[in-house]
Amino acid sequence: MVRPDRKDWSNKLTDALWAYRTAYKTPIEPPLIGKQRKLNICEMEELRDEAYECASAYKDKMKRVHDAKLRRRTFEEGQRVWLYNSRLKLFPGKLKSKWTGPYQVKRVGKFGEVEIEDFDDHLRQVVNGHRLKPYLEDADMNKEIHESEV
């Protein structure tokens with residue numbers, strides 16, 4: 001007990017902490033509430049796992065749909081191509097072309113990388129094949145027009 005004027009509480013603090021730490025404690029809430037809380041936690045975990053599986057299945061399905069739309073482009077050495085300018089988003093221009101070039105294909109790698117060379121300054125760079133499209137010349141355009149008429 002602490003004196004009525006409460007001046008010796010600091011002397012009794014260590015004894016009180018020892019008594020609190022060594023005492024046997026029982027939970028105040030009934031066991032049924034604890035069981036219900038555990039069931040709620042398990043149900044939340046099941047819902048989270050189900051949501052994760054649904055999201056994963058959705059991502060897999062969207063990847064299959066996207067991959068089915070991709071067309072594999074094949075390039076040959078010496079072919080002329082256009083290069084997609086991915087930096088255009090940084091400097092937007094309403095009438096600016098997204099394609100630069102033409103470039104000449106110098107080497108085609110087995111993993112889709114293509115080495116191209118600029119006609120003017122003969123600088124070479126390696127780019128992803130998805131950023132390229134064929135450059136059609138007048139002879140190619142006339143050939144396509146005649147094929148569509150037949």
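The values are calculated or read from the model by the stated rules, or taken from the named source; none is laboratory data. No experiment lies behind these values; they were computed from the predicted model shown. The accessibility values were calculated without ligands, DNA or RNA, using every heavy atom of the protein model including side chains. Shrake-Rupley method; radii C 1.70, N 1.55, O 1.52, S 1.80 Å.
Going by the alpha-carbon gyration tensor, a ≥ b ≥ c the square roots of its eigenvalues, is region 47-128 rounded (a/c under 1.5) or, if a/c is not under 1.5, prolate (a/b greater than b/c) versus oblate? Numbers along the way, then the final one.
Values: a/c = 3.43, a/b = 1.94, b/c = 1.77.
In terms of gyration-tensor shape, prolate.
Between Asn85 and residues 5 or more places away or on another chain, which pairs have amide H atoms under 5 Å apart, with H built 1.01 Å from N, and which residues are they?
Here the answer is Trp99, Thr100, since their amide H atoms fall under 5 Å of that of Asn85.
Can you tell me the accessible area per residue over region 2-69, all protein chains present, probe 1.4 angstrom, in square angstrom? Let's see the in-between values first.
On the way: 7010 Å² over 68 residues.
Here the per-residue accessible area is 103 Å².
Over the Cα atoms of region 21-87, what radius of gyration and what Dmax do you get, in Å?
Looking at region 21-87, its Cα Rg and Dmax stand at 28.4, 87 Å.
Grab the Cα-Cα distance for Lys35 and Met62, subtract it from 0.36 nm times how many residues apart they are, and report the gain in nm with one decimal.
On the way: separation 27, 0.36 × 27 = 9.72 nm, distance 4.07 nm.
Stretched out fully, the Lys35 to Met62 stretch lengthens by 5.6 nm.
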